[in-house]
Structure formats: C-alpha cells, structure tokens
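Novice: Encoded as structure tokens, here's the structure I'll be asking about.
The values are calculated or read from the model by the stated rules, or taken from the named source; none is laboratory data. Values in this document were obtained by computation on a predicted structure and should not be read as measured data. Quick reminder, even Gly has a Cβ in these numbers, built from the backbone with ideal geometry, and neighbours come from all protein chains shown. With ligands, DNA and RNA removed, areas are computed over all heavy atoms of the protein, side chains included. Shrake-Rupley method; radii C 1.70, N 1.55, O 1.52, S 1.80 Å.
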Amino acid sequence: MPGRFTVRPDNSEPGRFGVWDGAVNGWRANARTEAEAHQLVVDLDIQFDAHGPRPASDVRRLESPQPVWRGDSHLDTWLRDKGQWFGLVRDTTGRATWIPADQLRAGDPSTS
C-alpha cells in the first residue's frame, strides 16, 4: 500500500505540519497546514514509490470521479503499488484514503 510519505507535526513551527519521506528518512516539506500536508502526501504517493519515481503505467487518473459504496465518497485515481491496485477514495471533506481494489465497490450514482 502507498505509504512512503506521512504527515507529522512540524516541531519548528507549532500548529504546522510537515511531510516525512520514509525512504530517505527526512523531511520532504514543512510549515504546512494539516490539510495541505495530507494533500501533498497523496500527490507524492502518486508520483513516487519506495524506490523512486513511479512508472506512469502504474497510475490511472479518472476523468470524472466515480461514486463508491463508502457514504458520499468518490474514487478519482487508481494506483498500482507492489503489483496490487489501490483506489484513491475521497470523502466530502476531501480526506483521501487508499483502498485495495478488491475492497472497492461501485456506489449508486443516483445517491451522489
């Protein structure tokens, strides 16, 4: 599962957050709001795997988000990581979660 990057509190600026790169054991960015840091983690997980730049063939962005069974959530990107596909699902607040493809089910488009 994608997870090279994580959000951590930025100790140099109270109330701010940074993005930690677990592959190089160092900061990728800091002095961000929590929402900005979480979005940056998603963007970086799409661009990089544990070894470096992710092959373009491992990323499939949808032209329009598709509803999924998780409440009011929508799938907007597919990502292959270590041979397994994951869907990027966002809820109404914009919070993103990577869900294994075998656990994703389409939602009812009439309810979204």
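Novice: Would it be correct to say that T97 is open to solvent by 40 Å² or more (accessible area, probe 1.4 Å), under 27 Å from R8 (Cβ atoms), part of a strand (DSSP E or B) and not basic (K, R)?
Specialist: On the way: open to solvent by 40 Å² or more (accessible area, probe 1.4 Å): yes; under 27 Å from R8 (Cβ atoms): yes; part of a strand (DSSP E or B): yes; not basic (K, R): yes.
The answer is yes for T97.
Novice: Yes or no: region 69-92 includes at least one residue that is within 17 Å of R4 (Cα to Cα) and in a helix (DSSP H, G or I).
Specialist: So far as region 69-92 goes, no, none of its residues is within 17 Å of R4 (Cα to Cα) and in a helix (DSSP H, G or I).
Novice: Also, I was wondering about something else. Here are G71, G26: which of them is more than 16 Å from the chain's Cα centre (by Cα) and closer than 25 Å to A106 by Cβ? Even if it seems obvious, please write down each step before you answer.
Specialist: Details: G26 fails: closer than 25 Å to A106 by Cβ.
It is G71.
Novice: Ok, one more. Considering only region 40-47, I want to know if a residue exists there that is open to solvent by less than 60 Å² (accessible area, probe 1.4 Å) and assigned to a strand (DSSP E or B). Break it down stepwise before answering.
Specialist: Taking region 40-47 first, the residues open to solvent by less than 60 Å² (accessible area, probe 1.4 Å) are 40-46.
Okay, now just the ones that are also assigned to a strand (DSSP E or B), so none.
Looking through region 40-47, none of the residues is open to solvent by less than 60 Å² (accessible area, probe 1.4 Å) and assigned to a strand (DSSP E or B).
Novice: Pull up region 84-94, narrow it to residues that are open to solvent by 50 Å² or more (accessible area, probe 1.4 Å) and either within 19 Å of D43 (Cβ to Cβ) or touching a strand residue (DSSP E or B) at 6+ places or on another chain (Cβ under 8 Å) (or both), then point me to the one that is modelled with the lowest pLDDT. Full working, then the answer.
Specialist: Of all residues in region 84-94, those open to solvent by 50 Å² or more (accessible area, probe 1.4 Å) come to 84-85, 90-93.
Going one step further and asking which of them are either within 19 Å of D43 (Cβ to Cβ) or touching a strand residue (DSSP E or B) at 6+ places or on another chain (Cβ under 8 Å) (or both), we end up with 84-85, 90-91, 93.
Details: Q84: 96, W85: 97, R90: 93, D91: 90, T93: 86.
Among those that are open to solvent by 50 Å² or more (accessible area, probe 1.4 Å) and either within 19 Å of D43 (Cβ to Cβ) or touching a strand residue (DSSP E or B) at 6+ places or on another chain (Cβ under 8 Å) (or both), it is T93.
Novice: Another question, then. Please state which of the following conditions A37 fails to meet, knowing it meets all the rest: (1) open to solvent by 70 Å² or more (accessible area, probe 1.4 Å); (2) in a helix (DSSP H, G or I); (3) of a type in the set (G, A, S).
Specialist: The one condition A37 does not meet is (1).
Novice: Considering region 1-32 alone, what residues qualify as being among the β-branched types (V, I, T) and open to solvent by 50 Å² or more (accessible area, probe 1.4 Å)?
Specialist: Let us first name the residues in region 1-32 that are among the β-branched types (V, I, T), namely 6-7, 19, 24.
Hits for region 1-32 are T6, V24.
Novice: So which residues in region 48-58 are in contact with a strand residue (DSSP E or B) (Cβ under 6 Å, 6 or more places away or on another chain) and assigned to a loop (DSSP other than H, G, I, E, B)?
Specialist: R54
Novice: Moving on. What about R61, is it surrounded by 15 or more Cβ atoms within 10 Å (Cβ to Cβ), touching a strand residue (DSSP E or B) at 6+ places or on another chain (Cβ under 7 Å) and of a type in the set (K, R)? Let's see the steps before the verdict.
Specialist: Values: surrounded by 15 or more Cβ atoms within 10 Å (Cβ to Cβ): no; touching a strand residue (DSSP E or B) at 6+ places or on another chain (Cβ under 7 Å): yes; of a type in the set (K, R): yes.
So R61 does not fit the description; no.
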